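To start, the structure itself, in structure tokens.
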Amino acid sequence: MQTKKIKNYRWLVLTFLVLATTFNYLDRQILGLLKPVLEHEFTWTETDFAYMVMAFTGAYAVGLVSWGWLIDRIGAKTGYCIAVSTWSIMSMVHAAARSALGFGLARIGLGLTEAGNVPAGMKTIAEWFPKKERAFATGLFNAGTSAGIIIALLLVPLILNTFGWHEVFIITGMFGFIWLLGWLIIYDTPAKSKRLTQEEYTYIHEDQQPGSKPLASAATVKIKWFKLFSFPQTWAFITGKILLDPIYWFFMFWLPSYFAFSFDLNMKELSPELMVIYTMTVVGSVGGGYFSSWLIQRGWPTLKARKFALLLFAVLELTVLLAQYATNAWMIVGILSFTLAIHQAWSTNIFTLVVDLFPKQAVSSVTGIGAMSGAVGGMLFPLFVGYILDRYKLSGHLADGYNLLFLICGFTYLFAWCIIHLLTRKSQVVALSDITSTPDVTHQNT
């Protein structure tokens with residue numbers, strides 16, 4: 001029986017990537033949203049919570065580099081199956097925790113398993129989208145991070161009021177297994193997919209050299225993993241992740257607590273303030289990818305377009321400094337909505353640099369390395385956050401502690417851009433032959 005061909009099949013594949021990221025961040029965000037409830041039940045300090053965040057991000061860092069290496073070898077289909085099923089289980093394990101240590105151990109398991117999403121997703125985008133569409137596709141993929149938080153804001157109060165905090169972890173953890181069934185049905189690489197039309201296959205590979213062969217499989221191409229560290233392109237991506245991922249994680253894990261302190265936010269009720277903020281991050285993620293792609297379509301060189309977009313977003317991010325002058329909750333909502341949207345626009349273009357500067361066979365490995373670096377920063381920054389907030393809380397000036405953190409966040413983007421610019425002034429696409437132990441099969445004539 002012949003399989004029906006589907007036009008624009010790549011967008012169906014991307015839909016599953018967005019859903020995977022949505023469920024990934026849904027499971028990740030729940031502890032932050034339940035923090036006001038759980039810290040009352042278990043008498044946590046800010047530093048206790050910081051250690052839990054550190055446990056997650058430390059495990060996430062180890063997981064990212066491991067998953068990046070693994071997915072470049074076993075492929076995105078199998079890698080996603082393993083990652084989604086294991087992180088869904090680890091999310092549900094949180095329901096069994098009865099102490100700060102128990103939650104910390106559950107966070108370690110979640111961090112190790114959730115790390116598979118980014119390398120698998122970026123590899124899939126590199127395989128399924130031509131260069132001119134990758135930033136937009138990455139923006140949609142990255143928008144899943146915000147969508148997951150928005151869904152968490154809707155579901156957590158509902159489940160918490162109907163059942164309890166244990167059921168929040170159990171019910172949301174089940175979503176990943178529903179996704180898994182669909183993924184097994186719809187996904188394969190473009191070269192193997194029976195639902196892909198010849199026209200779309202040709203379109204996907206239009207940026208390959210004329211007469212080149214299809215991409216070599218993971219089994220025939222062996223990436224020299226440590227060789228990747230010799231390229232300034234790798235270090236540019238590392239810089240963008242290690243300095244700025246911790247900022248988003250700070251807002252993701254501490255923003256509910258900030259609103260609870262400053263404006264008496266009750267996590268047992270729906271929070272329109274947080275809903276607006278995280279909804280705007282979706283706009284930033286998609287818009288940031290569209291903006292640099294628009295510049296490329298107007299004739300800008302690819303790298304110049306990405307770096308200009310990053311510079312613009314770094315300047316706009318300085319608006320977070322206005323948060324200290326806000327006098328009511330909705331002024332803060334307006335400021336943070338804009339700055340978090342800009343962060344997601346920045347993040348989209350940082351991810352797209354990888355697929356611009358590296359061959360597709362190495363995308364998961366480089367993504368894993370950079371994302372691991374971001375997780376290392378995310379592991380250390382919470383300790384600083386916990387120290388600052390506990391210190392200012394003891395002095396009765398907790399608001400000043402948050403203002404100091406906003407100040408640091410605002411200037412970090414410009415600092416990171418300067419380093420990225422210096423590292424990529426002479427950058428070209430890394431040749432596959434420079435990082436593999438096998439011939440560059442993508443550039444051999446038929």
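The values are calculated or read from the model by the stated rules, or taken from the named source; none is laboratory data. All figures in this text were calculated on a predicted structure; none of them were measured in a lab. Quick reminder, even Gly has a Cβ in these numbers, built from the backbone with ideal geometry, and neighbours come from all protein chains shown. For the accessible areas, the whole protein counts, side chains as well, though only heavy atoms, and no ligand, DNA or RNA atoms are used. Shrake-Rupley method; radii C 1.70, N 1.55, O 1.52, S 1.80 Å.
Would you confirm whether any residue within the range 26-40 is open to solvent by 10 Å² or more (accessible area, probe 1.4 Å), within 30 Å of Ala191 (Cα to Cα), of a type in the set (Val, Ile, Thr) and touching a residue at least 12 places away in the same chain (Cβ under 8 Å)?
No, the range 26-40 contains no residue that is open to solvent by 10 Å² or more (accessible area, probe 1.4 Å), within 30 Å of Ala191 (Cα to Cα), of a type in the set (Val, Ile, Thr) and touching a residue at least 12 places away in the same chain (Cβ under 8 Å).
Restricting to the range 82-121, name every residue that is open to solvent by 20 Å² or more (accessible area, probe 1.4 Å) and either at positive phi or touching an Asp or Glu at 6+ places or on another chain (Cβ under 6 Å) (or both).
If the condition is that a residue be open to solvent by 20 Å² or more (accessible area, probe 1.4 Å) and either at positive phi or touching an Asp or Glu at 6+ places or on another chain (Cβ under 6 Å) (or both), then Ala100 is the only one that fits.
Out of Ala314, Ala305, report the one residue that is farther than 22 Å from Leu31 by Cα, small (Gly, Ala, Ser), open to solvent by less than 60 Å² (accessible area, probe 1.4 Å) and touching a residue at least 60 places away in the same chain (Cβ under 8 Å).
Sole residue among the options that is farther than 22 Å from Leu31 by Cα, small (Gly, Ala, Ser), open to solvent by less than 60 Å² (accessible area, probe 1.4 Å) and touching a residue at least 60 places away in the same chain (Cβ under 8 Å): Ala314.
Could you list, in sequence order, the residues of the range 230-274 that are of a type in the set (A, V, I, L, M), part of a helix (DSSP H, G or I) and open to solvent by less than 40 Å² (accessible area, probe 1.4 Å)?
Ala236, Ile238, Leu244, Ile247, Met252, Leu255, Ala260, Leu274
For the range 26-44: of the residues being β-branched (Val, Ile, Thr) and modelled with pLDDT of 85 or more, which is nearest to Met54 (Cα to Cα)?
Taking the candidates together, the pick is Ile30.
Kindly indicate which of Ile342, Ile335, Ile296 is open to solvent by 10 Å² or more (accessible area, probe 1.4 Å), touching a Lys or Arg at 6+ places or on another chain (Cβ under 8 Å), assigned to a helix (DSSP H, G or I) and modelled with pLDDT of 85 or more.
Ile296
Going by what's in this entry, would Pro246 be described as closer than 30 Å to Ser433 by Cα, touching a residue at least 40 places away in the same chain (Cβ under 8 Å) and either in contact with a strand residue (DSSP E or B) (Cβ under 6 Å, 6 or more places away or on another chain) or not β-branched (Val, Ile, Thr) (or both)?
Judged against the criteria, Pro246 is not a match.
Just the residues that are under 21 Å from the mean Cα position of the chain (by Cα), open to solvent by less than 10 Å² (accessible area, probe 1.4 Å) and not aromatic (Phe, Trp, Tyr), please, taken from the range 396-420.
Within the range 396-420, Cys409, Gly410, Ala416, Ile420 meet the criteria.
Can you confirm whether Leu215 is farther than 24 Å from Ala371 by Cα, modelled with pLDDT under 90 and open to solvent by less than 40 Å² (accessible area, probe 1.4 Å)?
In short, no.
Of the numbered conditions (1) surrounded by 17 or more Cβ atoms within 10 Å (Cβ to Cβ); (2) in contact with a Gly (Cβ under 9 Å, 6 or more places away or on another chain), Val355 satisfies every one except a single condition; which is it?
Condition not satisfied by Val355: (2).
Taking into account only those residues within the range 10-24 that are open to solvent by less than 10 Å² (accessible area, probe 1.4 Å) and not β-branched (Val, Ile, Thr), which is farthest from Thr138 (Cα to Cα)?
Asn24
What are the residues in the range 164-205 that are of a type in the set (Ser, Thr, Tyr) and open to solvent by less than 70 Å² (accessible area, probe 1.4 Å), if any?
Thr172, Tyr187, Thr189, Ser193, Thr197, Tyr201, Tyr203
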